[in-house]
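The next block holds one structure in the form of structure tokens; read it before the comments.
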């Protein structure tokens, strides 16, 4: 049987490097690995568009890796990250 590292189709990437349109791999509650396309950055993490609906991926919880899109003009979700920055500041004090 092949090693797990030979079966995966993503490279070791950082969660912070995800951009809109990237294929993101995540683990569900049953431990199965799925993938989806990064759509926007929300308060709980990246929101993915999947075949079976939407899914939220959080760093350190269910994020497994990602594959950058082949688009040479990959864009980050600056608006989503900026909006969510202000939301959590009110709860910190």
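Details
- When each of the peptides 26-36, 59-69 is scored by the mean number of other C-beta atoms lying within 10 Å of its residues, the order from highest to lowest reads 59-69, 26-36.
- Note on region 26-41 and region 49-88: Cα centroid distance 11 Å, given to the nearest whole angstrom.
None of the figures in this text is laboratory data; all of them are computed from the coordinates on show. Since the structure is predicted, the reported quantities are computational estimates derived from the model, not experimental observations. For neighbour counting, all protein chains shown are included, and Cβ atoms are generated from backbone atoms with ideal geometry for every residue, glycine included.
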